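**Q** Would you mind keeping the following structure in view while I ask a few things?
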């Protein structure tokens, strides 16, 4: 028969295995961050190239492609190291997200051929790359959702929301550039533009809630001192307040694009810092867990005599205090050792419980995001709303009914099967 | 570079690995159910033995011990087969719960020696066995909490609450027997007795919410047709309504004990059925997952040409529909195959999402139970309340504030660190 001590150690080893897995997943997330940044740049350059009928940006675009390919190769290398079987209840969803992202990778050569032959509209090319980047971000989301260490989970939640906010900033760059280039103001595009600004702000708010002090500070500094933001805010005002059909100055397209690009590059610096911080946190946690395991094993080896164990166990079972609520009185059976074994099991139980509570907090943020996204999708699909209008409808309903947006989103998802003609199931 | 199809299959394999693990955990739960039943009987007999100063039940008790030991040996055998590293975020907590239960196993010989030598009071012996059984039930709880298949999780949640209800019924047997044997009515004991009845009912309500139709039906039948319940309800009324200090008829102790024991045996029959049903469900799910995996692999082998894959991926990336919200129009690229690959990834994502939603429901029930239990423990510890009074305080506060009990319990746990002199952290 294995001893309680054996399972006490097995519990620690199980934690270590989880940490090793999330450490590998964090490396994947870091490489995804590089790839997403490279893809965002390819998307921006492709947009200029296609919108100009192939006249502009061709050389810069072609010169940029090796960077994308290298970042993609690094992601694939990390995937090889990730192994085929992820422990953790979220393994299946992480792998499915990876399958989805790899589909995008495989499609890229064909997409590029069509683009280079001018067989794609700027809009279709942008949309294809938005989907490809969204697939990459879903991998980051699932990695964050599978983290079982609360400190690592918080950093992953922060990083995911930062990446998501940066992606929305990238989409805003494209939307604004298209608006100024077209030379005319359209209310539909203005609504979408405002939606992108608002969604970005929400992402960065969640980021700030979960980031480390150092990470949040860098972002504060960037927001407060970035000269690009002055340009961006001025051009946002011009673009978003122009009346229906009013002319827009086409020459603003270039300064807009450059200010946005400079802001995205600055964001990427922060993102790289966050990714490093995440990896360092994983290594630190692994070190700590390894040290705790070694200490526990050494302590336990000094208590292996079965008679001592039985008396220690009796201290537990005969203790008047409820197990888990309080430790038995020291020296109840006259032995410090007894308290050590009993204490180890109960301390470990309390620690695991506290970790679970912390992780639940981080996960509920991710769950809220996913639920609202899905409810938005239902409304877009079923009521033919734009993304921004779907979001506003959920928010307005929540305000009217004095409920949380999450509750409204859950109610939408719960009733969608009852609606006639719905294509969601 | 590995292909998307590779990870599509890896996602399925990851699900299968989870199912295999939960199947082994279900076998552990089934063996725990046998052990708990045997321990409950040992507790009841020990109580009679000690309360009679060793005059009664000695032979029956000694004859029963081999059954307990055999059940314990079976649990240990299943533990060996469970392996040392459980995948799943809950592995560490499951192992820690096992370590805690094994401590009880190791203490049992000493407990028995003290009991046989009449060195223990009936009350202390009962409390020790209550703690030992609670440790076994925590293993079942953690197994239920770690299940990643919603149908299996539902059955585990149902079984855990049934076992918990049965354990409360066992404690009620001891409380009632002590009341009648003492020959005098005490208000404190009456309150505890009523609390045990109420807590049982709540457990069986949750059981009914999560059980299969067949399981719930068996329980309904048992409740409706059990002649013991007539005796039990009559004696509950006599015991619980007698005035402070009023005499109780000591001769009612035996019929009370026998009716309760007969009811516990009937419950154990149902429990055994639930355990079998659970194991059958695991095997069925494993079969289904294996068949789906084989089908997927066969389908994917027919699509391995890289050119086809790239076109299929392009169908995904260039599709105007949002990925995950709707499938691309059939034949968008003229190939049925394309839709198959895109469809597989998206179907799998939707299926995994639906599973997660279902599991979240089952887990939230477990989380609610655990949170309220912990808040009760805080109140018992900090305000020196009995378990029943702590529960009532939480319920009354929730009613007064028009909030859920879970919210009140969470608020208690969130503020406990702020309270002076609290020993919880």
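**Q** Report, by residue number, each residue of region B:350-385 that is within 12 Å of another protein chain (Cβ to nearest Cβ), over 28 Å from residue B:159 (Cβ atoms) and surrounded by fewer than 18 Cβ atoms within 10 Å (Cβ to Cβ).
**A** Of everything in region B:350-385, those that are within 12 Å of another protein chain (Cβ to nearest Cβ), over 28 Å from residue B:159 (Cβ atoms) and surrounded by fewer than 18 Cβ atoms within 10 Å (Cβ to Cβ) turn out to be B:350, B:382.
**Q** While we're on this one: Residue A:32 is checked against (1) within 10 Å of chain B (Cβ to nearest Cβ); (2) touching a helix residue (DSSP H, G or I) at 6+ places or on another chain (Cβ under 6 Å); (3) farther than 17 Å from residue A:126 by Cα; (4) buried (at least 22 other Cβ atoms within 10 Å of the Cβ) and fails just one. What number does that condition carry?
**A** The single condition residue A:32 does not satisfy is (1).
**Q** Here's a follow-up. Would you check which residues across region A:141-155 are more than 14 Å from residue A:96 (Cβ to Cβ) and assigned to a helix (DSSP H, G or I) and list them? Please lay out each step first, then the result.
**A** Of all residues in region A:141-155, those more than 14 Å from residue A:96 (Cβ to Cβ) come to A:144, A:147-155.
Matches in region A:141-155: A:144, A:150, A:151, A:152, A:153, A:154, A:155.
**Q** Another question, then. Are any residues in region B:399-417 surrounded by 12 or more Cβ atoms within 10 Å (Cβ to Cβ), assigned to a helix (DSSP H, G or I) and over 25 Å from the mean Cα position of the chain (by Cα), and if so, which ones?
**A** B:416
**Q** Would you pick out the residues in region A:110-123 that are in a helix (DSSP H, G or I) and facing chain B (nearest Cβ under 9 Å)? Outline the logic, then answer.
**A** Going through region A:110-123, the residues in a helix (DSSP H, G or I) turn out to be A:110-116, A:122-123.
A:110, A:111, A:114, listed by residue number.
**Q** Run residue B:66 past the list (1) surrounded by fewer than 16 Cβ atoms within 10 Å (Cβ to Cβ); (2) modelled with pLDDT under 90 and report the number of the one that doesn't hold.
**A** Going through the list (1) surrounded by fewer than 16 Cβ atoms within 10 Å (Cβ to Cβ); (2) modelled with pLDDT under 90, residue B:66 breaks only (2).
**Q** Say we look at region A:1-26 and pick out the residues that are away from chain B (no Cβ under 12 Å) and buried (at least 21 other Cβ atoms within 10 Å of the Cβ); which of these is modelled with the lowest pLDDT? Can you show your working first?
**A** We begin by selecting, within region A:1-26, every residue away from chain B (no Cβ under 12 Å); these are A:23-26.
Applying the additional criterion that residues be buried (at least 21 other Cβ atoms within 10 Å of the Cβ) yields A:25-26.
On the way: A:25: 87, A:26: 90.
So the residue we want is A:25.
**Q** Let me ask something additional. Going by the conditions given, is residue A:134 within 14 Å of the chain's Cα centre (by Cα), facing chain B (nearest Cβ under 10 Å) and surrounded by fewer than 23 Cβ atoms within 10 Å (Cβ to Cβ)?
**A** Judged against the criteria, residue A:134 is a match.
**Q** So, residue B:261, is that one modelled with pLDDT of 90 or more and surrounded by 15 or more Cβ atoms within 10 Å (Cβ to Cβ) or not? Let's see the steps before the verdict.
**A** Working: modelled with pLDDT of 90 or more: yes; surrounded by 15 or more Cβ atoms within 10 Å (Cβ to Cβ): yes.
Against the criterion (modelled with pLDDT of 90 or more and surrounded by 15 or more Cβ atoms within 10 Å (Cβ to Cβ)), residue B:261 qualifies.
**Q** Another question, if that's okay. Among the candidates A:117, A:158, A:169, which residue alone is more than 22 Å from residue B:356 (Cα to Cα), touching a residue at least 60 places away in the same chain (Cβ under 8 Å) and surrounded by fewer than 23 Cβ atoms within 10 Å (Cβ to Cβ)? I'd like the intermediate steps shown before the answer.
**A** Details: A:117 fails: touching a residue at least 60 places away in the same chain (Cβ under 8 Å); A:158 fails: surrounded by fewer than 23 Cβ atoms within 10 Å (Cβ to Cβ).
Going through A:117, A:158, A:169 in turn, the sole match is A:169.
**Q** Which of the following residues is away from chain B (no Cβ under 11 Å), assigned to a helix (DSSP H, G or I) and modelled with pLDDT under 90: A:181, A:175, A:126?
**A** Numbers: A:175 fails: modelled with pLDDT under 90; A:126 fails: modelled with pLDDT under 90.
After ruling out the rest, the residue left standing is A:181.
**Q** In region B:35-50, which residues are more than 18 Å from residue B:260 (Cα to Cα) and at pLDDT below 95?
**A** To start, the set of residues in region B:35-50 that are more than 18 Å from residue B:260 (Cα to Cα) comprises B:35, B:50.
Selection gives B:50 alone.
Okay, residues lined up against (1) at pLDDT 90 or above; (2) within 25 Å of residue A:350 (Cβ to Cβ):
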{"residue": "B:119", "(1), (2)": "yes, no"}
{"residue": "B:136", "(1), (2)": "yes, yes"}
{"residue": "B:147", "(1), (2)": "no, yes"}
{"residue": "B:155", "(1), (2)": "yes, no"}
{"residue": "B:166", "(1), (2)": "yes, no"}
{"residue": "B:169", "(1), (2)": "yes, no"}
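**Q** Then there is this: Out of curiosity, is residue A:231 in contact (Cβ under 8 Å) with a residue 60 or more places away in the chain and surrounded by 16 or more Cβ atoms within 10 Å (Cβ to Cβ)?
**A** Details: in contact (Cβ under 8 Å) with a residue 60 or more places away in the chain: no; surrounded by 16 or more Cβ atoms within 10 Å (Cβ to Cβ): yes.
Spelling it out, it is not the case that residue A:231 is in contact (Cβ under 8 Å) with a residue 60 or more places away in the chain and surrounded by 16 or more Cβ atoms within 10 Å (Cβ to Cβ).
The values are calculated or read from the model by the stated rules, or taken from the named source; none is laboratory data. Note that the structure is predicted; figures quoted are calculated from it, not measured. Glycine also receives a Cβ, built like all others from the backbone with ideal geometry; neighbour counts cover every protein chain displayed.
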